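> The following block contains the structure, expressed as structure tokens.
Each reported figure results from applying straightforward, stated rules to the coordinates on display, with no laboratory input. These numbers were taken from a predicted model, which means no experiment stands behind them. Here the Cβ is made from the backbone with ideal geometry for all residues, glycine too, and neighbour counts use every protein chain on show.
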Amino acid sequence: MTELDLTILRTQVEGPVLTPGDPGYAVETATYNLLTPMAPAVVVGAATLNDVQCAVHFAAEHGLAVAVRGGGHLQPRTGAGQLALTLDRMTSVEIDPVAETVRVTGSPRWTEVIDAAVPHGLAPVSGSTGTTGVVGYLLGGGMSPILGRSYGYGSDHITEIEIVTADGVHRTCSPTTEPDLFEMLRGSKGNAGVVVAMTFSLIPLVGPVTAGGVWFAGERAAEVLPVWRDWAQTLPESATTSVAIQRLPALSDIPYPIRGAFVVHVRFSSIGDPDDAAKWIMPIRELGAPLMDTVGDLPYAESWTIHADPQEPLPYLDRSMGLGALSDDTITALLGQVGPGTGCDLVSVELRVLGGALDRPPAAPDVVPTRGLPYQLFAFGVGGRELFEHNTRQLDGMIDAVRPWDYGPKMVNFVSPEEGLTPAHLAAIYGPHLYERVVALKERFDPHNMFRINHNLVAG
Ligand SMILES: Cc1cc2nc3c(=O)[nH]c(=O)nc-3n(C[C@H](O)[C@H](O)[C@H](O)COP(=O)(O)OP(=O)(O)OC[C@H]3O[C@@H](n4cnc5c(N)ncnc54)[C@H](O)[C@@H]3O)c2cc1C
């Protein structure tokens, strides 16, 4: 790739074509996780569909792998020698209140869709934080802490996807048009090409939900976790819960009872009758002496406050595992690594309860591997390169301790940049049959593996 090649590309596209050192390059390649910076040889800030197609043709001509940055939350395999695409300049969000659908183009974040949908009494099956990219989330299935157990994965609601594949062709796929491509896209992240638009249905949701958190002193983890586990099994599908053992930083946006504290954070949400929800949360309240209790009416637009994930980019290392069971022994093993008195300083160790509609098959085939998974474990430690080994040791120690309960498959949205880097590991995450299927689809739609800057779905 010469300077002349880049000059020619610049004449073909409307958006900026930037190389390292150019003003704007750092912004264009910024990621949420500061431990996974992107460093492509060239980044194209696509402003039109033609820009995306030109960039893909350019990458093919010059043998460059293509990376797509949406919300920038999950970028494995970043490095030099790549062409990166951003789609922010193509972003639009168009609600159809009659059909109860939304068509998004480019790279919206969940906040943008939620803010557009809520005034119509509608809500997307969005994730725990508004800063996540809509497309990146939905390509991985997408588990919503409010609507997941009632309405399934976010990707179950997609009706149409527009994509530019490695041959530069703009394709539209749906359950009836190019159904194999539609199948592959829902669960394989960015392995098939550059998604430029999506249409998906929204959920009618008038009025607030009942949601929030109850925080207890972290020293009570061995008391709270078994009660939480047993209680979670009694909840109807319209209610969702997770629990997190957290060593919270002393930041000014964290309220005082929990600022800088070691806590057990029980999260709860219900889209059912508020009076019922008030009864359902009682067993957790009866544990007594919470540090803080915010469960009450919550507008969907504030759904991100349930998990209260960090909003600003930060350096972090994470690990996840699908757990097939959460027995007393599992809890003991987990707390033996991350509980009180262990010296652990991971910021968050979270268990999400799945089930309900998340277990039901999709209307059209997909490659989401986690239907039937009862629990998802996700943990992260914050810190730069100097804490890399320290955090790796803590996270791997935790994973090793709960390995006897490893379900095999786990949510692809929670596979960290350091995981899923070999076909064998990815086959375990998808399960062997589904992996064989998704690899066959990958070979068909991206035969030269142009889209490999991701958890790359290739044969072993
Ligand atoms: C704080 C936090 C909270 C989270 N909460 C949840 C949650 O509640 N539920 C859940 O399911 N997940 C959750 N996630 C995981 C998140 O959904 C995934 O990391 C998701 O992939 C992020 O998408 P992104 O666009 O923000 O990230 P990016 O890093 O931009 O993209 C992630 C992947 O998707 C691909 N991609 C993105 N856009 C496109 C596109 N237009 N075309 C082709 N490929 C594309 C990229 O190539 C990359 O491989 C959370 C993550 C974080 C950091």
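> Please give the Cα centre distance for region 237-253 versus region 178-206, rounded to the nearest Å.
29 Å
> Right, here's the next one. Please figure out what share of the DSSP beta bridges in the chain is antiparallel and state it in percent, rounded to the nearest 5.
Of all bridge pairs located within the chain, approximately 85 percent are antiparallel.
> Rounded, prolate or oblate: which one fits region 291-332, using the alpha carbon gyration tensor with axes a ≥ b ≥ c (rounded when a/c is under 1.5, else prolate when a/b beats b/c, else oblate)?
Since a/c reaches 1.5 but b/c is at least a/b, the shape of region 291-332 is classed as oblate.
> Could you tell me what % of all Cα pairs in the chain have separations over 36 Å?
Taking all Cα-Cα pairs of the chain, the fraction more than 36 Å apart is 26 percent.
> Now a separate question. What does the convex hull of the Cα atoms of region 120-206 come to per residue, in Å³, rounded to a whole number?
Spelled out: Cα convex hull of region 120-206, divided by residues, is 98 Å³.
> Take Thr370, Thr240 and order them by how many other Cβ atoms sit within 10 Å, fewest up front.
Taking fewest neighbouring Cβ atoms as first place, the list is Thr370, Thr240.
> Oh, and also: Provide the net charge surrounding Ser174, with neighbours chosen by a C-beta distance below 15 Å and charges set as Lys +1, Arg +1, Asp -1, Glu -1.
-4
> Given a Förster distance of 25 angstrom, what is the FRET efficiency for Thr48 paired with Ala301, based on the Cβ-Cβ distance and rounded to 0.05?
Working: r = 31 Å, r/R0 = 1.23.
Efficiency, rounded to the nearest 0.05: 0.25.
> Starting from region 357-404, pick out the chymotrypsin sites (Phe, Trp or Tyr not before Pro) whose DSSP state is loop and whose Cβ has at most 12 other Cβ atoms within 10 Å.
Answer in residue order: no site qualifies.
> Residues with beta-carbon under 14 Å from that of Gly142, excluding Gly142: net charge, scoring Lys, Arg +1 and Asp, Glu -1?
Here the count lands on +4.
> For Lys410, list the aspartates and glutamates whose Cα falls under 20 Å from its own Cα; do not include residues on the same chain fewer than 8 positions away.
Filter leaves Asp156, Glu183, Asp318, Glu350, Asp359, Asp366, Asp396, Asp400, Glu418, Glu419, Glu436.
> Continuing with the same structure: Please arrange Thr234, Thr78, Thr210 by how many other C-beta atoms lie within 10 Å of their C-beta, fewest to most.
Thr234, Thr78, Thr210
> Further, regarding this structure: Using each residue's phi in region 24-32, evaluate 6.51 cos²θ - 1.76 cosθ + 1.60 at θ = phi - 60° and report the 3J(HN,Hα) Karplus result to the nearest Hz, with x for Gly and Pro.
x, 4, 5, 5, 5, 10, 5, 10, 6
> Can you bin region 209-414 into rounded, prolate or oblate? Criterion: square roots of the alpha carbon gyration tensor eigenvalues sorted a ≥ b ≥ c, rounded for a/c under 1.5, prolate for a/b above b/c, oblate for the rest.
It comes out rounded by the Cα gyration axes.
> So if R0 is 25 Å, what FRET efficiency would Ala325 and Glu418 give, r being the distance between their Cβ atoms, rounded to the nearest 0.05?
0.45
> If neighbour count is taken as other Cβ atoms inside 10 Å, put Asp156, Asp359 in order from fewest to most.
Asp359, Asp156
> Using helices alone, I'd like the mean residue ellipticity at 222 nm for the chain: each DSSP H run of four-plus residues gives -39500 (n - 2.57), total over residue count, nearest 500.
Mean residue ellipticity, 222 nm, calculated: -7500 deg cm²/dmol.
> While we're here: Can you pull the one-decimal nm distance between simple spin-label points at Val98 and Ala363, each 7 Å off the Cα toward Cβ?
My value for the distance between the label points is 1.9 nm.
> Same structure, new question: Suppose a student asked you for the relative contact order of the chain, using Cα pairs under 8 Å spaced at least 6 residues apart; what percent would you report?
On the way: 1058 pairs, mean separation 78.6, N = 460.
That works out to 17 percent.
> Could you compute the net charge surrounding Ile281? Neighbours are other residues with a C-beta less than 14 Å from the C-beta of Ile281; K and R count +1, D and E count -1. Intermediate values should be presented prior to the final figure.
Working: positive: Arg267, Lys279, Arg285; negative: Asp273, Asp275, Asp276, Glu286, Asp293, Asp297.
Once all neighbours under 14 Å are counted, the net charge is -3.
> When the chain is fully extended, how far beyond the present Cα-Cα distance does Asp396 get from Glu443, taking 0.36 nm per residue of separation?
Full extension from Asp396 to Glu443 adds 13.7 nm.
> Take the Cα of Ser174, step 7 Å along the line toward its Cβ, and report every residue of region 145-160 whose backbone nitrogen sits under 13 Å from that point.
Residues 158-160 qualify, since their backbone N sits under 13 Å from the label point.
> Among bridges DSSP assigns within region 3-88, what percent are antiparallel (round to 5)? Please report the intermediate quantities before stating the final value.
On the way: 2 of 11 bridges.
Close to 20 percent.
> A further question follows. Past the 23 angstrom mark, what percentage of all C-alpha to C-alpha distances in region 3-88 do you count?
Values: 454 of 3655 pairs.
Within region 3-88, distances greater than 23 Å cover 12 percent of Cα pairs.
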